Amino acid sequence: MTGSQAPQTFRLAYVPGVTPAKWVRIWNERYPDTPLELLSVTAAEAPGLLREGGADAGFVRLPVDRTFFSAIPLYTETTVVVVPKDHAVAAVEEVTAEDLADEVLFHPLDDVIGWDRPPGQPGFERPATTADAVELVAANVGLLVVPQSLARLHHRKDLTYRTLVDAPQSGIALSWPEEATTDLVEDFIGVVRGRTVNSTRGRTAPQAQAPEQPRRKRPEAASQRRKPAPAKKAAPGRRGKPRRKS
């Protein structure tokens, strides 16, 4: 690589709630010559960014368009309800949708649960973002249902959350355009799947040439290797028996 050539960069998008630090650390240890660029995008923006080539791959929320994207599902999140710490729900470990029937629940425009509307009573408005909805919960005017990672992301000291056992759940996947499965994408798939450096799956590392073996001397021909046998001595002539005198 000459001084005028910049190293190739792997661009990784991720949606709110996903923490890619573990995979980034492994990538940096394994491929120190290939920088990894992190791109934080909303769940709604992620598919468009990948379609337009703005990122090589991304951690996205399911579902995705499987006619265009490849996807490796990674995990499914627990769904929780965010409430003020002094709310009655905070006194239990988990609740059902029926338990929230009389509560006001906000349904932000960037909702990732995927339902038509949450249980309970609709809020007086649909907040633009989950962050805006959290502010309304803190104002004690309603509750909010989100994946657990988003409840942690928007944590406040005056709020808590409890598991909502019978709500839809949101899944996270590694996704990329199927027709753009590059060597770098294959490398990152290996990182996410926990493959070792020497794994035979994915991109194969260049094989090192075996050192040239010294040539062995050709064995001499048998006729050259054997010493000539000594000449046989002629057998002595047979002596006749002496005649008896008559």
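Descriptive notes on the structure:
- Note that the stretch 32-41 has calculated 3J(HN,Hα) couplings of x, 8, 10, x, 10, 9, 8, 10, 7, 9 Hz, one per residue in order, obtained from phi through the Karplus relation 6.51 cos²θ - 1.76 cosθ + 1.60 (θ = phi - 60°); glycine and proline are x.
- Put simply, the Cα atoms of the stretch 1-93 extend 65, 33, 19 Å along their principal axes, the longest span coming first.
- Linear extension gain, residue 28 paired with residue 8, 0.36 nm per residue minus alpha-carbon span: 5.9 nm
- For residue 43, net neighbour charge (Lys/Arg +1, Asp/Glu -1) across residues whose Cβ lies under 13 Å away: -3
- Percent of Cα-Cα distances greater than 22 Å, calculated over the stretch 24-141: 52 percent
- Efficiency of FRET from Cβ geometry, residue 21 and residue 156, R₀ 25 Å, rounded to 0.05: 0.65
- Residues in the stretch 128-138 carry Karplus couplings, in order, of 5, 9, 4, 4, 5, 5, 4, 4, 6, 5, 5 Hz; the curve used is 6.51 cos²θ - 1.76 cosθ + 1.60 with θ = phi - 60°, and Gly or Pro positions show x.
- Amide H within-cut-off set for residue 74, under 5 Å, with H built and near neighbours excluded: 172, 173, 174
- Against the rule of thumb 2.2 N^0.38 Å, how large the Cα Rg of the stretch 85-209 comes out: 1.52
- Residue 145 long-range amide H proximity, modeled H, under 5 Å: 82, 106
- Per-residue Karplus couplings for the stretch 97-110, computed as 6.51 cos²θ - 1.76 cosθ + 1.60 with θ equal to phi - 60°, are listed in order as 4, 5, 5, 9, 4, 9, 8, 7, 10, 7, 10, x, 5, 9 Hz, Gly and Pro entered as x.
None of the figures in this text is laboratory data; all of them are computed from the coordinates on show. Please read all numbers here as calculations on a predicted model, not as lab measurements. Virtual Cβ from ideal backbone geometry, glycine too; neighbours counted across all protein chains shown.
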